[in-house]
């Protein structure tokens with residue numbers, strides 16, 4: 001049985017692409033959501049690449065405290081950090097690009113990096129990461145980190161953020177619903193056959209892109 005989310009706000013959603021630790025752009029997106037009374041749905045990879053992971057997570061906490069309905073979906077960078085916090089190897093986390101996020105919380109030089117990170121990370125920050133959702137769904141739209149499997153579009157499990165589906169960019173027919181996702185870095189927003197990719201390289205010199213729903217209007221910072 002599928003469970004849909006109830007209506008977010010009178011004016012709808014703001015789906016926000018991969019932030020990758022770029023807190024200045026995130027701050028602008030959340031300010032926009034507050035001004036326009038939008039439910040901000042962050043599509044995962046809030047952290048990673050950029051050095052502002054701590055400030056990004058703090059901005060989510062502050063937005064919620066200010067009354068901005070904000071939902072974080074889980075991306076591969078959130079999962080990698082949670083795996084590390086729960087005992088994963090330092091080497092594996094470093095290979096997955098995690099040291100930028102760690103360095104936003106602790107200075108280099110600790111013998112036990114994980115213990116230092118656990119001690120330095122505010123409880124509320126860890127809760128934001130642990131409570132991140134696999135997806136957000138309304139009757140005609142699905143928001144997730146890496147999008148649905150085109151061959152099984154109704155599947156709702158961890159593959160919706162742990163696996164990549166490059167075939168989303170080679171569809172011959174429309175998906176049965178609008179799918180908005182990030183994960184696949186593009187120079188501009190990709191939108192075709194009901195598939196909308198909002199990862200436009202924020203954290204690597206590109207803008208932070210977002211999409212208003214139900215209008216399906218694009219904005220960026």
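Nothing in this text is a laboratory measurement; each read-out follows from the coordinates by a stated rule. Note that the structure is predicted; figures quoted are calculated from it, not measured. Backbone-built Cβ (ideal geometry, glycine too); neighbour counts: all protein chains shown.
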Taking all pairs of distinct alpha-carbon atoms in the stretch 13-220, Kirkwood radius in angstrom
17.1 Å
For the stretch 91-131, average projected area of the Cα convex hull in nm²
3.1 nm²
Remind me, relative contact order of the stretch 85-179 in percent, using alpha carbon pairs under 8 angstrom and six or more residues apart?
20 percent
Ranking of 211, 61 by count of other Cβ atoms within 10 Å, fewest first:
61, 211
Of 135-146, 41-52, 79-90, ordering from highest average Cβ density within 10 Å down gives 41-52, 135-146, 79-90
Relative contact order for the chain: what is it in percent, counting Cα pairs under 8 Å that are at least 6 residues apart?
23 percent
Can you tell me which of 77, 173, 183 moves the most in a GNM of the chain? Springs connect C-alpha atoms under 10 Å apart.
173
For the chain, built as a Gaussian network whose Cα springs stay under 10 Å, the top-fluctuating residue of 67, 206, 21
67
Using alpha carbons only, how many angstrom separate the centre of the stretch 166-188 from the centre of the stretch 133-165?
11 Å
Springs between alpha-carbon pairs under 10 angstrom, Gaussian network model over the chain: which of 91, 119, 111 fluctuates most?
111
Mind sorting 174, 199 by how few other Cβ atoms lie within 10 Å of their own Cβ, fewest first?
174, 199
Percent relative contact order for the stretch 174-221, counting Cα pairs under 8 Å at least six residues apart, stands at 27 percent
Rounded to the nearest 5, what % of DSSP beta bridges with both residues in the stretch 13-220 are antiparallel?
55 percent
